[in-house]
Amino acid sequence: MPQPKIVVITGAASGIGAATARLFADQGHHLVLLDVAFESPRPASNDENDASALRLKVDVSEAQEVKTAIDHIITTLGQIDVLVNNAGVGTKEFVKTEHHDIDDWERVIAINQTSVFYCMKYVLQQMTRQGFGNIINVASLAGLKASGYNLAYSASKFAVVGMTKSAALEYGSQNIRINCVCPGYTESPLLESLFTMKPKLKKRLLQSTPMGRYGLPEEIAEAILWLASENSKYITGQSIVIDGGLSL
Ligand SMILES: NC(=O)c1ccc[n+]([C@@H]2O[C@H](COP(=O)([O-])OP(=O)(O)OC[C@H]3O[C@@H](n4cnc5c(N)ncnc54)[C@H](O)[C@@H]3O)[C@@H](O)[C@H]2O)c1
């Protein structure tokens, strides 16, 4: 078993974030789970196998809420070994750029992009003090390749890939690694909402995926766990694509 770490995961109530929390808990790590969907701070239940975890209701697109949560974690636990910036949303409708709703643009950029800056900013202040750390951002294949009718999501995920590289450059000499994962289509409530909007996509996207199936949240979690481990200790600033070959 690896040494237990203090691991903060955003968007941990559902999908990829929840699967990542389960996997880290199985490995004996101490978890702090942040999500706007949580009711209030309370210990996680035993049935999730992470009785030592804290759940905090935090909207990661609000700088003050992020700062308060990070301050609380440092005061109670003393350090943060790993941060997983996973919280994210899709656009409300699929339209060409000229028709993109401005409020929806601002919502998606705030949650998918600006939140990653806020979380990295406050956690890096602690990681530089403690002299080590590891950050994994959840971007998307849409952060590496064009995806039409989806401009805010595309912009936000390209930004996450860019922030990952730029911050990795800044902190490589301080024993802090920063990487991202770029999932293809992965089974989750977010993907289900896409198929509700565009039912025909469900079959079409499968046909474009060489492995002939969608990814599982657990498969993304495995890559995150590996990036957070000593097994990837010479890797920083990278974007790991997990997409069943879709990008090919
Ligand atoms: N599912 C896919 O196909 C896919 C593909 C590529 C990338 N991703 C990315 O993976 C990440 C997780 O997505 P998922 O598919 O598990 O979706 P999901 O909807 O199952 O989970 C997203 C979680 O983020 C939380 N969240 C949303 N806004 C928040 C906020 N302001 N503050 C705190 N928490 C907030 C939600 O409550 C939810 O629990 C997202 O960043 C998404 O863009 C998903």
Self-check item: Only one of 161, 138, 108 that is within 24 Å of residue 5 (Cα to Cα) and under 20 Å from the mean Cα position of the chain (by Cα)
Solution: 138
Quiz prompt | Identity of the residue in segment 1-24, over 19 Å from residue 192 (Cβ atoms) and not hydrophobic (A, V, I, L, M, F, W, C), that ends up surrounded by the fewest Cβ atoms within 10 Å (Cβ to Cβ) | solution = 3
Exercise. Give the residue, chosen from 224, 136, 178, that is under 27 Å from residue 106 (Cβ atoms), surrounded by 18 or more Cβ atoms within 10 Å (Cβ to Cβ) and out of contact with any Gly (no Cβ under 7 Å at 6 or more places or on another chain).
Key: 136
Quiz item: Give me the pairs: first residue in segment 112-134 and at pLDDT 95 or above, second residue among the polar types (S, T, N, Q) and part of a helix (DSSP H, G or I), beta-carbon distance under 7 Å, and six or more apart or on different chains, which are they?
Solution: 112/156; 113/156; 128/174
Quiz item: Looking only at segment 54-101, which residues are in contact with an Asp or Glu (Cβ under 6 Å, 6 or more places away or on another chain) and not in a helix (DSSP H, G or I)?
Solution: 58, 59, 91, 92
Practice problem: Could you tell me whether segment 206-229 includes any residue that is outside any helix (DSSP H, G or I) and under 22 Å from residue 81 (Cβ atoms)? | Solution: yes
Exercise. Pick out the one residue from 232, 173 that is more than 10 Å from the ligand (Cβ to nearest atom) and crowded, with 18+ Cβ neighbours inside 10 Å.
Key: 232
Quiz prompt | Residues within segment 24-38 that are more than 15 Å from the ligand (Cβ to nearest atom), within 20 Å of residue 74 (Cα to Cα) and not hydrophobic (A, V, I, L, M, F, W, C), tallied | solution = 3
Practice problem: State all residues of segment 5-54 that are modelled with pLDDT of 95 or more and touching a Lys or Arg at 6+ places or on another chain (Cβ under 6 Å); if no residue qualifies, say none. | Solution: 29, 33, 38
Quiz prompt | Unique residue being at pLDDT below 95, within 14 Å of the ligand (Cβ to nearest atom) and either within 15 Å of residue 87 (Cα to Cα) or of a type in the set (D, E, K, R) (or both) when the list is 203, 145, 198, 157 | solution = 198
Exercise. Scan 152, 168, 228, 159 and give me the residue that is within 30 Å of residue 125 (Cβ to Cβ) and in contact with a His (Cβ under 7 Å, 6 or more places away or on another chain).
Key: 152
Quiz item: How many residues are aliphatic (A, V, I, L, M) and over 11 Å from the mean Cα position of the chain (by Cα) if we restrict to segment 6-31?
Solution: 8
Quiz item: Can you name every residue in segment 71-112 that is polar (S, T, N, Q) and either out of contact with any Phe, Trp or Tyr (no Cβ under 9 Å at 6 or more places or on another chain) or more than 10 Å from the ligand (Cβ to nearest atom) (or both)?
Solution: 75, 76, 79, 85, 86, 91, 97
Quiz item: Are any residues in segment 195-217 of a type in the set (D, E, K, R), free of Cβ contacts under 8 Å to residues at least 24 places away in the same chain and closer than 15 Å to residue 247 by Cα, and if so, which ones?
Solution: 204
Self-check item: Flag if residue 131 is under 19 Å from residue 233 (Cβ atoms), away from the ligand (no atom under 15 Å from the Cβ) and surrounded by fewer than 15 Cβ atoms within 10 Å (Cβ to Cβ)
Solution: yes
Exercise. Give the number of residues within segment 154-194 that are free of Cβ contacts under 8 Å to residues at least 24 places away in the same chain, farther than 20 Å from residue 112 by Cα and not polar (S, T, N, Q).
Key: 1
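The values are calculated or read from the model by the stated rules, or taken from the named source; none is laboratory data. Quantities reported herein were computed from a predicted structural model and do not represent experimental measurements. Positions of Cβ are generated from backbone atoms using ideal geometry, with glycine treated the same way; all protein chains shown enter the neighbour counts.
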